[in-house]
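What follows is one structure encoded as structure tokens, with my remarks underneath.
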Amino acid sequence: MVLILLLLVPSLVNFLAPLYNFDAPTALGLPFFYWFQIVMLPVSAIFYLAFSYLQKGSTEGPS
Amino acid sequence: MALDPATIPVFLVFFAVFVFLGFYGSRWRKGDLSQLSEWALAGRRLGTWLVFFLVGADLYTAYTFVAIPSGVFAKGSLYFYAVPYVAITFGVALAFAPRLWVVAKEKGYVTGSDFVRARFDSKTLSTVVALTGIVALLPYIALQIVGMQAVLATILTSANLASQSTEEIALVIAFVILAAFTFTSGLRGATLTAVFKDILIWLTVIAVIAAILYQIGGNFGAAFATAKANYVTLPGSLVPGYMTLVLGSALALYLYPHAVNGVLSAESAHKLRLSTSLLPLYGVGLAFLALMGVLVYSVPSAMSFLGKFPAASQGIYVVPSLIITVLPGWLAGICLLGIFIGGLVPAAIMAIAQANLLARNIVKEYRPSTTSVGEARISKWASVVFKFVALGFVFAVPSTYAVQLQLLGGVLILQLLPSLFLGLYTKWFKSRALIFGLVVGILAGVYMALQANNFGPLTTSLYASPFGSLYIAVIALGLNLLISVVLSAILPGKRGLDIQTTAGA
């Protein structure tokens, strides 16, 4: 069950728009709002990969 | 501006390669194509990378190239919701898709409706689920056609050949080719072309971004310095709308029948998890394409080209216009084809998924004598018919509102969440409660969509509620869940069945 946090934590950060709805600081002239969400894509992928490797071998079907 | 003479020949040559691959798909890793699981799931033998390409091909569609940049161009930051949606949707998929894969592999399910049928032991519920899937895909396919139309209109306009009928004829020809190759080679054809398409698409994404960065001197600052406030960050009033668009879209993607097809074509649950984990990376290209909706304002040549289109439909031409004005002619030809088949291939995959549902969960359910050869034949013919139904949809919907087509599909498909996603975790629900919840969710969703748009053309999917303007799909899902839970608690009747899997935990 702890593993589910690897899915929930990045998802919550992505979902909670008030966390990143700012214009500063900018990167390459991009407002924070935009570049933060772009950076969250590979960050989310890393969390998901960790989840997948820790789930390896699990073949859980519907309960 | 005049069209570079290389653009159209390059576009046509690459289209010929694409058509060849579509037909060649039927010979690749040959199986017995008269069997539905062979035709529709490529014999369940695709590995991590091919599933990555296949599912990713569903993601890089006209939605990415046309609808989202169009929304950002017209309304600003609100339509950047597509980026966090992509980040979250694969987390959602990791929680549900491997469970579905395990049971589908063992029990031979080909659709989500197959699972619902077995879990809740209700023909009515599985039929309603299948019908919802078929109908929800129609506007999504229509969106792909809008994308293809935007490419053709861009080429014709820059070659000074624009006329309403030329556009329609070109669209119909492309569609006949698509229907023919889907018909003969099924998901294998779509998979091979998805690889080709994705190579072109990455090329398109990188070429356009590089060319634009060169134009703006490597700094986005100038474009944002002149942009209006609602292009820089989200206005406070749109925050609830943004969050619910993200949530609703993220929960909806893997309920779509074509996404379920992609899931079930994986070789193993582990490979499915790995490829799903990598899919948020596709969002990086999507993010930059969405930004084109802002950047285009600082590219004068693209803006003057956009001026040739009616103000109400300029948005869908943002990316094609940038391609044709900024890139060398031959590269523009390749990139325009990338966008064009970026609409065609997902349309094929979606039509295959619709056909599966019709044949297996509706025709066969009510006429059990149908043989598997007959089932595959019905699927193939239905995939052709559905594509043409969606083609008709396009002529009835104004292109400016392209993204609303996908969001409307989302309102419908999200209502399957209790039966399909929650059904994978619990058998507590009763089928009658789920049917009632689903139907009320859909009716309420459609009514809210009509009311929010004053019963006119669709321009918004947000509904003014006491909690702010929210994505209609999420409100309708709330109603659906409430009804499903309350009625399951109070109605008499049986709950879902155990589904024994030998590998099960």
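A few points about this structure:
- So A:VAL39, is it within 15 Å of the chain's Cα centre (by Cα) and either farther than 20 Å from B:SER77 by Cα or at the interface with another protein chain (Cβ under 8 Å from one of its Cβ atoms) (or both): no
- Test: residue in the stretch B:272-287 that is over 18 Å from the mean Cα position of the chain (by Cα) and either away from chain A (no Cβ under 14 Å) or not in a helix (DSSP H, G or I) (or both): no
- Filtering the stretch B:273-299 to residues that are farther than 24 Å from A:VAL39 by Cβ and either at pLDDT 90 or above or not aliphatic (A, V, I, L, M) (or both) leaves only B:TYR297.
- Matching residues in the stretch B:305-339 - criterion: being free of Cβ contacts under 8 Å to residues at least 40 places away in the same chain and assigned to a loop (DSSP other than H, G, I, E, B): B:GLY307, B:PRO310
- Set side by side, the residues B:ASN230, B:ASN219 differ, and just one is over 21 Å from A:LEU7 (Cα atoms) and either surrounded by 18 or more Cβ atoms within 10 Å (Cβ to Cβ) or more than 9 Å from chain A (Cβ to nearest Cβ) (or both), which is B:ASN230.
- Screening the candidates B:ILE334, B:ILE324 for the property of being surrounded by fewer than 24 Cβ atoms within 10 Å (Cβ to Cβ), within 30 Å of B:TYR297 (Cα to Cα) and not aromatic (Phe, Trp, Tyr) yields one hit, B:ILE334.
- The criterion of being at pLDDT below 90 and either over 17 Å from the mean Cα position of the chain (by Cα) or farther than 28 Å from B:PRO300 by Cβ (or both) holds for B:ALA16.
- Within the stretch A:18-31, restricting attention to residues that are within 8 Å of chain B (Cβ to nearest Cβ) and either hydrophobic (A, V, I, L, M, F, W, C) or part of a helix (DSSP H, G or I) (or both), the residue that is farthest from B:GLY218 (Cα to Cα) is A:PRO18.
- Pair list, Cβ under 6 Å, 6 or more apart: the stretch B:444-466 residue more than 16 Å from B:GLY478 (Cβ to Cβ), other residue part of a helix (DSSP H, G or I) and of a type in the set (Phe, Trp, Tyr): B:LEU458/B:TYR401; B:THR459/B:TYR401
- For the stretch B:138-157, the criterion of being away from chain A (no Cβ under 14 Å), aliphatic (A, V, I, L, M) and either outside any helix (DSSP H, G or I) or touching a strand residue (DSSP E or B) at 6+ places or on another chain (Cβ under 7 Å) (or both) is met by no residue.
- On inspection, B:ALA302 does not qualify as more than 10 Å from every other protein chain (Cβ to nearest Cβ), farther than 30 Å from B:ILE442 by Cα and modelled with pLDDT under 85.
- Number of positions in the stretch B:96-137 that are in a helix (DSSP H, G or I) and either without any contact (Cβ under 8 Å) to a residue 60 or more places away in the chain or not aliphatic (A, V, I, L, M) (or both): 20
- Subset of the stretch B:233-270 (residues that are surrounded by fewer than 23 Cβ atoms within 10 Å (Cβ to Cβ), within 10 Å of another protein chain (Cβ to nearest Cβ) and farther than 30 Å from B:VAL296 by Cα): B:SER268, B:HIS270
- Answer from B:ALA227, B:ALA222, B:ALA252, B:ALA302 - the residue that is outside any loop (DSSP other than H, G, I, E, B) and closer than 30 Å to B:GLY468 by Cβ: B:ALA252
- Residue match in the stretch B:356-371 (condition: within 14 Å of another protein chain (Cβ to nearest Cβ) and hydrophobic (A, V, I, L, M, F, W, C)): no
- Every residue from the stretch B:416-447 that is buried (at least 23 other Cβ atoms within 10 Å of the Cβ) and touching a strand residue (DSSP E or B) at 6+ places or on another chain (Cβ under 8 Å): B:PHE429, B:LYS430
The values are calculated or read from the model by the stated rules, or taken from the named source; none is laboratory data. Owing to the predicted nature of the structure, the values given are computational and were not obtained by experimental measurement. Neighbour counts are summed over all protein chains in view; Cβ atoms, including those assigned to glycine, are modelled from backbone coordinates with ideal geometry.
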